[in-house]
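Bear in mind these aren't lab numbers, they're just calculated from the coordinates by the rules spelled out. Here the structure is a predicted model, which means the values were calculated and not measured. Note: ideal-geometry Cβ built from the backbone for every residue, glycine included; neighbour counts use all protein chains shown.
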């Protein structure tokens, strides 16, 4: 999904790892040697996993095989919705992904895993978007952060423009990734991917971020505005207006 020459730079100077720190969800850090690492909060990944199960339970009837709070047959859409809000509230207040434990029936797992993988892909691609856009080349956005044990960390929350650009690039890269995944030999071209899957998946992720407290700030637009910006870029103002009304 990236040009070959850029991909070579990424592979030799960039790494991804888990971060056990509730102060941030994702961040980029770099060493004195210029190596860059994208750190993603392990708790955020656990949260996405848990919420994906609860989202499926809301949309597919009788999809819960096991629950540690009540029999699976009693987990209705309303109950799963209530638990989703509970999990988000707890994470918003404590940074810990606590909540009910559920297991889905086998036939519901493909839907859950696809949704989860889509969320994870967009989180990664958004951060990668900062690198592709050259944001990390701006010296003023780097600062020391001894609490994380890194030489310097990137202050991506300094500019709305950077967040908007990274969001658009993140969508483009996520779409390219899914297009390649959906291709089967020569029978399906990458351009044939239905954008509704990628866009819908991204929209549910931003809905979730809103529930986690990611509202409008000096550095980040409102999650709805971020989705509408991507919609306008991908399909034009008509779609953006439809998304805003919905």
(message) Can you compute the modelled spin-label distance between residue 246 and residue 195, with each label point 7 Å from Cα toward Cβ, in nm?
(response) 1.3 nm
(request) Could you list 130, 103, 135 in order of exposure, starting from the residue whose Cβ has the fewest other Cβ atoms within 10 Å? (result) 103, 135, 130
(message) At 7 Å along Cα-to-Cβ for each site, give me the label-to-label distance between residue 65 and residue 33 in nm.
(response) 4.5 nm
(request) Please give the contour-minus-distance gain from residue 222 to residue 96: 0.36 nm per residue of separation, less the Cα-Cα distance, rounded to one decimal in nm. (result) 43.0 nm
(request) For each of 89, 50, 180, count neighbouring Cβ atoms within 10 Å of the residue's Cβ, then give the residues from fewest to most. (result) 180, 89, 50
(request) Please express the Cα-Cα pair-distance distribution P(r) of segment 36-169 as a list of whole percents, one per 5 Å bin, running from 0 to the bin with the greatest distance. (result) 2, 10, 16, 16, 16, 13, 10, 8, 7, 3, 1, 0
(message) Looking at segment 42-114, I'd like the Rg to Rh ratio, where Rg is from alpha-carbon atoms and Rh is Kirkwood's inverse mean 1/r.
(response) 0.95
(message) Given a Förster distance of 41 Å, report the FRET efficiency between residue 107 and residue 160 from their Cβ-Cβ distance, rounded to the nearest 0.05.
(response) 0.45
